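Okay, so here's the structure we're looking at.
All of the numbers you see were taken from the coordinates with simple rules; none came from a lab. Just so it is clear, the structure is predicted and the values come from calculations on it, not from any experiment.
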Amino acid sequence: MDGTALLEVSREREATLRGLLAASPLGGDANDVASLRNNIRENYEQLLVAYPSLAASHDVDSLLWKTCFYKRIEELRKRIRKRAGAAAGAAARAAGAAATP
């Protein structure tokens, strides 16, 4: 597969990934999402190594970071904040119940 075709396949898979993530706030089917991210990562890595000029002209290094790593980190941060908020709310309710005679 040439570089242009590889880039196009990667973009199509990114669109599929966005669709899965948009359809489910919790990230869709974890196996499908992980598989797509892994495939996109492999394609972008291949583009960077085998077609550096094409990769540079399409900012593939940035696409690799955002699609495969940054967005996943943001998903995890949201989960952490949500759980921390729930834990803080539960602690506040427990403290309020303990203070009530």
Relative contact order of the chain: what whole-number percent is it, with Cα pairs under 8 angstrom and at least 6 residues apart?
-> 24 percent
Quick one: compute a quarter of the convex hull surface over the Cα atoms of segment 49-89 and quote it in nm².
-> 3.0 nm²
How big is the equivalent ellipsoid of segment 1-53 along its three axes, where each semi-axis is √(5λ) from the Cα gyration tensor, reported in whole Å from largest to smallest?
-> 24, 10, 7
Rounded to the nearest 500, what is the chain's calculated 222 nm mean residue ellipticity when only DSSP H runs of at least 4 contribute -39500 (n - 2.57) each, over all residues?
-> -27000 deg cm²/dmol
Could you estimate the translational diffusion coefficient of the chain from the Stokes-Einstein equation, with Rh from the Kirkwood formula over C-alpha pairs, at 20 °C and 1.002 mPa s, in whole µm²/s?
-> 136 µm²/s
